[in-house]
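Undergrad: I have a structure I would like to understand better, so I am pasting it below and will then ask my questions one at a time.
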Amino acid sequence: MLATRLWCRVGIKFCTRYQSRSASGSISTESAAQNYCAKLVRQFDKENFLCTLLLKNPGRRSALAIRAFNVEIARITGSVSDDKIGQMRLKFWEETVDKLYREDLKHVPDQPVVQEIKQAIDKHRLTKRYFQRLVTARWNSNLRFVTSKQLEEYVENSVSSVYYLLLEAHGVRNVHADHAASHLGKAQGIVNLLRSIPYQERRNVVPIPQEVLIQHGVSQERIIRNRKDDKGVEEVVFQLASSAHQHLEKARNLWESVPKQARPVLLPGAATGRFLERLRRANFHLTDPNLLKSDSALPLVIYWNHFRGKF
């Protein structure tokens with residue numbers, strides 16, 4: 001826990017160390033936007049923030065912008081009680097993305113994430129389709145899936161698309177890197193959904209495909225209760241965790257084919273693998289006290305994998 005806090009503090013200072021100042025001594029608008037994105041990712045996406053700190057500029061700045069964009073749209077559902085309000089906010093981002101790719105755009109909206117995304121688009125010629133996928137995926141605010149295929153399509157659009165953009169921000173357009181990013185995104189996306197279940201009781205959301213629940217004869221209510229002695233729930237969690245592990249292993253098996261400059265982008269695979277191992281030790285019980293605690297060793301695990309060039 002202490003290591004994570006220290007790394008986050010160092011990271012914020014590192015990201016803002018070169019902030020330019022005007023003659024009056026105030027921080028420039030551009031630097032303020034960078035700082036805003038870094039703090040947003042640090043607050044709501046800490047594990048990916050830790051990994052992003054190890055990237056090199058200018059890719060790191062663009063990576064924080066992409067991560068911040070994803071945070072903005074991902075937290076809409078949880079921050080509003082009215083679905084219509086959430087849809088309006090998603091519509092704003094959908095229209096904003098469209099505007100940022102217009103050649104006749106004369107004024108970038110005065111919003112820090114939008115400003116940083118615009119510079120990333122201009123600098124790296126990021127693909128519009130991936131931003132659109134990120135927004136479109138969030139329209140499924142209930143996270144209700146009938147089949148496992150629907151779940152995988154959701155995580156492909158909502159997580160893998162982030163990795164495609166990060167790769168482009170690092171100048172990587174490579175089929176092997178994209179293939180690894182697709183599998184990593186699916187692994188991380190499934191893990192994210194599993195990790196969210198203990199906190200979904202208020203929203204009464206169970207992001208597990210109906211076909212998996214039916215296969216094991218488990219109701220959504222049992223998933224939410226998640227009793228330690230419920231073997232059916234354990235089997236459901238095990239099946240999804242196994243799927244995530246398989247995708248992670250497929251991504252890692254492509255390591256030698258992935259260009260070296262792309263490997264740091266895939267570093268969050270270390271955090272995903274770390275959680276799956278902790279889940280296994282907890283016998284796939286999502287509310288195990290040890291699993292709900294912050295992983296104090298994670299910063300060291302991430303750095304060690306970065307040092308080895310692994311993910």
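Undergrad: For a Förster distance of 41 Å, can you work out the FRET efficiency between the beta-carbons of residue 95 and residue 308, rounded to the nearest 0.05? Intermediate results must be reported in sequence, preceding the final value.
TA: Details: r = 43 Å, r/R0 = 1.05.
Given R0 = 41 Å and the Cβ-Cβ separation, E is 0.40.
Undergrad: Related question: Can you give the accessible area of residue 285, probe radius 1.4 Å, in Å² rounded to 10?
TA: 20
Undergrad: Using only the alpha-carbon atoms, how far is helix 175-196 inclined from the longest principal axis of the chain? Give it as 0 to 90 degrees, nearest 10.
TA: Taking Cα atoms only, the helix is inclined about 60 degrees.
Undergrad: Using a 1.4 angstrom probe, figure out how much accessible area the chain has per residue, in square angstrom, rounded to the nearest whole. If you can, show how the numbers build up before the last one.
TA: On the way: 15940 Å² over 311 residues.
Ligands and nucleic acids excluded, the result is 51 Å² per residue.
Undergrad: Per the 1.4 Å probe, what fraction of the accessible area of the chain, in percent, lies on carbon and sulfur atoms? Could you put the intermediate results ahead of the total?
TA: Details: 7890 of 15940 Å².
Reported share for carbon and sulfur atoms: 50 percent.
Undergrad: Ok, one more. If you take the beta carbon distance between residue 292 and residue 140 as r and set R0 to 22 Å, what does 1/(1 + (r/R0)^6) give as a FRET efficiency, to the nearest 0.05? Kindly include the intermediate steps, with their values, before the conclusion.
TA: Numbers: r = 26 Å, r/R0 = 1.18.
FRET efficiency, residue 292 to residue 140: 0.25.
Undergrad: With 19 Å as the limit, write out which pairs from 250/293; 186/250; 91/128; 228/293; 56/123; 149/310 have Cα-Cα distances beyond it, or answer none. Provide the component values of the computation, followed by the final result.
TA: Numbers: 250/293 28 Å; 186/250 11 Å; 91/128 16 Å; 228/293 17 Å; 56/123 15 Å; 149/310 29 Å.
The answer is 250/293; 149/310.
Undergrad: Could I ask something else about it? Work from the charge dipole of the chain (Cβ charges, +1 for Lys and Arg, -1 for Asp and Glu, about the Cα centre) and give the residue of 169, 215, 238 farthest towards its positive end.
TA: Going by the charge dipole, the pick is 169.
Undergrad: Roughly what angle does helix 83-100 make with the longest principal axis of the chain, taking Cα atoms, 0 to 90 degrees, to the nearest 10?
TA: 40
Undergrad: Does segment 233-311 come out rounded, prolate or oblate by the C-alpha gyration tensor, with a ≥ b ≥ c the root eigenvalues, rounded set by a/c under 1.5 and, if not, prolate when a/b is larger than b/c and oblate if not?
TA: Oblate.
Undergrad: Largest first, what is the accessible-area ranking of 139, 93, 304 with a 1.4 Å probe?
TA: On the way: 139 95, 93 15, 304 135 Å².
Of 139, 93, 304, the descending order of accessible area is 304, 139, 93.
Undergrad: For segment 44-165, restrict the atom set to alpha-carbon positions and state the Rg and Dmax in Å.
TA: Over segment 44-165's Cα set, Rg and Dmax evaluate to 14.7, 44 Å.
Undergrad: Students often get this wrong, so try it: which of (i) 19.6, 68; (ii) 17.8, 58; (iii) 19.0, 59 is Rg and Dmax of the Cα atoms in Å as calculated from the structure shown?
TA: Looking at Rg and Dmax of the Cα atoms in Å for this model, the match is (i).
Undergrad: Based on Cα positions only, what radius of gyration and what Dmax would you give for segment 163-277, in angstroms?
TA: 16.4, 49
Undergrad: Kindly express, to the nearest 10 degrees and within the range 0 to 90, the angle between helix 112-124's C-alpha long axis and the longest C-alpha principal axis of the chain.
TA: With both axes taken from Cα atoms, the answer is about 80 degrees.
Undergrad: With every protein chain kept in the model, how would you rank 222, 60 by accessible area, 1.4 Å probe, largest at the top? Before the final figure, lay out each step's value.
TA: Numbers: 222 65, 60 25 Å².
These residues rank, largest area first, as 222, 60.
Undergrad: For segment 254-297, what class follows from the C-alpha gyration tensor (a ≥ b ≥ c being the square roots of its eigenvalues): rounded when a/c is under 1.5, otherwise prolate if a/b is larger than b/c, else oblate? Don't jump to the answer; show the numbers that get you there.
TA: Values: a/c = 4.84, a/b = 2.60, b/c = 1.86.
Here segment 254-297 falls in the prolate category.
Undergrad: Turning to a different aspect of this structure: Do the sum for the chain: with -39,500 (n - 2.57) for every DSSP H run of n ≥ 4, divided by all residues, what is the mean residue ellipticity at 222 nm, to the nearest 500 deg cm²/dmol?
TA: Working: 17 runs with 203 residues, N = 311.
Computed mean residue ellipticity for the chain: -20000 deg cm²/dmol.
The values are calculated or read from the model by the stated rules, or taken from the named source; none is laboratory data. All of these numbers come straight from a predicted model, not from anything done at the bench. Cβ atoms come from the backbone with ideal geometry, glycine included; neighbour counts cover every protein chain shown. Just so you know, the surface numbers come from the protein's heavy atoms only, side chains and all, with ligands and any DNA or RNA stripped out. Shrake-Rupley method; radii C 1.70, N 1.55, O 1.52, S 1.80 Å.
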